[in-house]
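K.L.:
Sharing a structure here in structure tokens format.
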Amino acid sequence: MKTTILNKLRQIEKDENIEILFAVESGSRAWGFPSTDSDYDIRLIYRRKISDYLRIEPIDDFIDFKIVDELDFKAWDIQKVLRLILKSNSSIVEYLQSPIHYITNKEFEKSLLAIVKSQFNPRKVAMHYLGITTRKLIEIEGNKELKLKHLFYALRSVLSAKWVIEKETIPPMEFKKLAHLIDDNFLLDKIENYLKIKANVDESYLIVKDEELLNWISELKTELKAKAELISKIEFDKELINDFFLDTIRNEE
């Protein structure tokens, strides 16, 4: 599959007249809890020629490709990526930590990660993950059954928020690293069992609602929200990010 993905990435470069700076796996495969039929969620950052950024007419800064044969490609222009960093977008941070790389540019990734860390806003990132948790709990509410993958979406997001609030650092992408934050062995055993089940079922697999685990998630979310509101806000360094953008497009091959 990796060869197929790499061939598609090179074709994208040619068709879109862009240079891919790096491409990684996101979603459940990178998080560590894929199902048997999980898509390959390939995310990439690219740059265009300098002349493209100087045109009067706007250029596309996001390319969303049709999913074909379980391959889901989405691409962000470096300019859009940097604007998202100014909004504390957590997706970019996650992509930089992906354990599965298809195209690597170590110097670029190291520099971009340094930018992300320098502009890391714990309050906004924690609130982002708690927002995801809230939405997932609302989706589950009122149902006797739920998709197993939705349980893990809620777990991962609330644990990411817990990591941010307790450590005030970027949370890891992989679920098992986040699970170390759980100090209840009974819950850990239960989650580990769900992980084993998920690895052998498809994305639509339903489980009976686990009220105990969902109540724990909900109570933790409420506790974390109160703590997140006490974290100080930070000011972004727009000049630093602007300089990085200019250096990146000047170094085009």
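The values are calculated or read from the model by the stated rules, or taken from the named source; none is laboratory data. Here the structure is a predicted model, which is why all the values come from computation and not from measurement. We place every Cβ from the backbone using ideal geometry, glycine too, and count neighbours over all the protein chains shown. Remember, those area values only see protein heavy atoms, side chains included, never the ligands or the DNA or RNA. Shrake-Rupley method; radii C 1.70, N 1.55, O 1.52, S 1.80 Å.
K.L.:
Based on the Cα gyration tensor of the chain, what are the three equivalent ellipsoid semi-axes, each the root of five times an eigenvalue, rounded to whole Å and given largest first? Walk me through the numbers before you get to the answer.
P.N.:
Working: eigenvalues 227, 109, 42 Å².
After scaling each eigenvalue by five and taking roots: 34, 23, 14 Å.
K.L.:
In nm, give the distance between the simple-model label positions of ILE138 and TYR53, each being 7 Å from the Cα along the Cα-to-Cβ direction.
P.N.:
Each label point is offset 7 Å from its Cα along the Cβ direction, giving 3.7 nm.
K.L.:
Counting only helical runs of four or more DSSP H residues, what would the 222 nm mean residue ellipticity of the chain come to if each run contributes -39,500 (n - 2.57) and the total is spread over all its residues? Don't jump to the answer; show the numbers that get you there.
P.N.:
Values: 12 runs with 140 residues, N = 253.
When only DSSP H runs of four or more count, the value is -17000 deg cm²/dmol.
K.L.:
Turning to a different aspect of this structure: Could you give the angle, 0 to 90 degrees to the nearest 10, between helix 122-140's Cα long axis and the longest principal axis of the Cα atoms of the chain?
P.N.:
Tilt of helix 122-140: around 50 degrees.
K.L.:
Tell me the per residue accessible area of the chain using a 1.4 Å probe; a whole number in Å² is fine. If you can, show how the numbers build up before the last one.
P.N.:
Working: 13360 Å² over 253 residues.
For the chain, the solvent-accessible area averages 53 Å² per residue.
K.L.:
With a 1.4 Å probe and all protein chains left in place, how much of the accessible area of the stretch 203-246 comes from carbon and sulfur atoms, in whole percent? Numbers along the way, then the final one.
P.N.:
On the way: 1490 of 2880 Å².
Roughly 52 percent, rounded to a whole number.
K.L.:
So between LEU195 and LYS106, what do we pick up on full extension, going 0.36 nm a residue minus the alpha carbon distance?
P.N.:
Working: separation 89, 0.36 × 89 = 32.04 nm, distance 3.19 nm.
Stretched fully, the LEU195-LYS106 segment lengthens by 28.9 nm.
K.L.:
Of SER91, ALA75, TYR46, whose Cα points farthest to the positive end of the dipole of the stretch 38-136 (charges on the beta-carbon: +1 Lys, Arg; -1 Asp, Glu; origin at the Cα centre)?
P.N.:
Value: SER91.
K.L.:
If you don't mind, there's one more thing I want to ask. Can you give me the relative contact order of the chain as a percent, contacts being Cα pairs under 8 Å and 6 or more apart?
P.N.:
Details: 328 pairs, mean separation 59.3, N = 253.
In percent, rounded to a whole number, it is 23.
K.L.:
Sticking with this one: On C-alpha positions alone, give me the angle between the axis of helix 238-250 and the longest principal axis of the chain, in degrees, nearest 10.
P.N.:
It works out to around 60 degrees.
K.L.:
Using the Cβ atoms and a cut-off under 12 Å, what net charge is assigned to the surroundings of LEU220, where Lys and Arg are +1 and Asp and Glu are -1?
P.N.:
Working: positive: LYS162, LYS221, LYS225, LYS227; negative: GLU166, ASP183, ASP184, GLU219, GLU223.
Once all neighbours under 12 Å are counted, the net charge is -1.
K.L.:
Then there's this: Return the ratio Rg/(2.2 N^0.38 Å) for the stretch 120-253, where Rg is computed over Cα atoms only. Before the final figure, lay out the partial values.
P.N.:
Values: Rg = 18.0 Å, N = 134, 2.2 N^0.38 = 14.1 Å.
Normalised by 2.2 N^0.38 Å, the Cα Rg of the stretch 120-253 equals 1.28.
K.L.:
How much space per residue, in cubic angstrom, does the convex hull of the C-alpha atoms of the stretch 1-98 take up? Don't skip to the end; give the middle numbers.
P.N.:
Details: hull volume 10.4 nm³, N = 98.
Output value, Cα hull per residue: 106 Å³.
K.L.:
Right, something else. For the chain, give me the percentage of DSSP beta bridges that are antiparallel, rounded to the nearest 5 percent.
P.N.:
On the way: 16 of 23 bridges.
Of all bridge pairs located within the chain, approximately 70 percent are antiparallel.
K.L.:
Measure nothing fancy, just the Cα-based angle from helix 185-198's long axis to the longest principal axis of the chain, in degrees from 0 to 90, nearest 10.
P.N.:
The answer is roughly 60 degrees.
K.L.:
Would you check the accessible area of GLU223, probe 1.4 Å, heavy atoms only, in square angstrom rounded to 10?
P.N.:
Estimated to the nearest 10 Å², GLU223 gives 90 Å².
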